[in-house]
Amino acid sequence: MNYNTLKDIIGWDIVNWSKSIDYWEKRRDWSVNKLNCLELGGREGGLSLWLALKGNHVICSDLNTPEEKASEIHKKYACNSLIDYQAIDATDIPYENTFDIITFKSILGGISSYNNSLKQKTTNEIYKALKPGGTLLFAENIESSFIHRFLRKHFVDWGKDWNYLKFDELNEVFSSFKSVDYITVGFFGAFGRSEKQRAFFGHIDRFFEKCVPRRK
């Protein structure tokens with residue numbers, strides 16, 4: 001996949017966050033297409049684009065319908081015929097046993113800003129909406145180290161309110177699921193203040209990831 005397409009799918013901190021795509025590509029058989037998929041929190045529609053490029057049908061959703069913004073990028077790749085747009089609250093998904101794949105990127109911290117229990121409520125709703133044997137593919141910020149918490153609180157506009165997923169919460173938050181497999185990536189990339197800086201630090205992360213504790 002070329003960099004520009006990956007950038008349209010991922011949106012920011014491409015070097016680190018794109019590792020989720022690499023991981024997902026290896027986690028299931030993609031030779032079968034025409035799957036029924038749902039993207040939650042898809043304001044810009046990047047993950048919907050990725051799934052539609054594989055020939056799947058996707059509902060691209062956000063709390064308010066993301067069609068106006070997300071459809072531009074889908075038309076750019078001529079895959080908009082495979083994508084519908086809906087307003088869906090991830091804590092109250094109006095589907096049951098419907099989707100083969102549900103995906104999201106960086107939404108749990110915002111949803112649960114003032115109520116930590118909404119993390120698990122969201123994943124329970126996702127489980128309900130998946131078909132038996134369905135798959136959730138997610139990428140989410142982890143709380144990480146003390147320095148991450150300090151800098152986010154003081155230098156990131158939403159850092160004070162965002163409820164970052166804690167490493168020790170993973171098993172509880174995703175307890176509905178039969179199995180949970182994940183990797184953790186990135187450390188320095190989060191310190192970049194521009195995409196150019198995040199890319200630079202992201203490449204440094206490639207050398208240090210095996211040395212940094214998984215929970216950081």
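The values are calculated or read from the model by the stated rules, or taken from the named source; none is laboratory data. For clarity, every value in this text was computed on a predicted model and none was experimentally measured. FYI the Cβ positions are ideal-geometry reconstructions off the backbone, even for glycines, and counts take in every protein chain you see. Note: accessible area is taken over every heavy atom of the protein model, side chains too, but ligands, DNA and RNA are not part of it. Shrake-Rupley method; radii C 1.70, N 1.55, O 1.52, S 1.80 Å.
Among the listed residues LEU6, LEU51, LEU35, which satisfies the condition of being under 16 Å from the mean Cα position of the chain (by Cα), modelled with pLDDT of 95 or more and open to solvent by less than 50 Å² (accessible area, probe 1.4 Å)?
Step by step, each of LEU6, LEU51, LEU35 is checked, and only LEU51 is under 16 Å from the mean Cα position of the chain (by Cα), modelled with pLDDT of 95 or more and open to solvent by less than 50 Å² (accessible area, probe 1.4 Å).
Regarding ILE21, is this residue in contact (Cβ under 8 Å) with a residue 12 or more places away in the chain, open to solvent by 10 Å² or more (accessible area, probe 1.4 Å) and β-branched (Val, Ile, Thr)?
no
Looking at (1) open to solvent by 10 Å² or more (accessible area, probe 1.4 Å); (2) at pLDDT 95 or above; (3) of a type in the set (Val, Ile, Thr), which one does ILE111 not meet, given that it meets all the others?
All conditions pass for ILE111, except number (2).
Going through region 74-91 one residue at a time, which ones are open to solvent by less than 60 Å² (accessible area, probe 1.4 Å) and either among the aliphatic types (A, V, I, L, M) or assigned to a loop (DSSP other than H, G, I, E, B) (or both)?
TYR77, CYS79, LEU82, ILE83, ILE88, ALA90, THR91, listed by residue number.
Just one of the numbered conditions (1) without any contact (Cβ under 8 Å) to a residue 60 or more places away in the chain; (2) crowded, with 21+ Cβ neighbours inside 10 Å is not true of PHE104; which one?
So the condition that PHE104 fails would be (1).
Yes or no, residue by residue, for (1) of a type in the set (Lys, Arg); (2) at pLDDT below 90; (3) closer than 19 Å to LYS105 by Cα:
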{"position": "ILE126", "(1), (2), (3)": "no, no, yes"}
{"position": "THR135", "(1), (2), (3)": "no, no, yes"}
{"position": "ASN141", "(1), (2), (3)": "no, yes, yes"}
{"position": "PHE207", "(1), (2), (3)": "no, yes, no"}
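Which numbered condition in (1) open to solvent by less than 60 Å² (accessible area, probe 1.4 Å); (2) on the phi < 0 side of the Ramachandran plot is the only one that ASP29 fails?
Checking ASP29 against (1) open to solvent by less than 60 Å² (accessible area, probe 1.4 Å); (2) on the phi < 0 side of the Ramachandran plot, the one that fails is (1).
Can you name every residue in region 178-190 that is more than 17 Å from the chain's Cα centre (by Cα) and either surrounded by fewer than 16 Cβ atoms within 10 Å (Cβ to Cβ) or at pLDDT 90 or above (or both)?
Those that are more than 17 Å from the chain's Cα centre (by Cα) and either surrounded by fewer than 16 Cβ atoms within 10 Å (Cβ to Cβ) or at pLDDT 90 or above (or both): LYS178, SER179.
Test SER71 against the criterion of being within 26 Å of THR184 (Cα to Cα), open to solvent by less than 20 Å² (accessible area, probe 1.4 Å) and without any contact (Cβ under 8 Å) to a residue 40 or more places away in the chain, and give yes or no.
No; evaluated as a whole, the condition is false for this residue.
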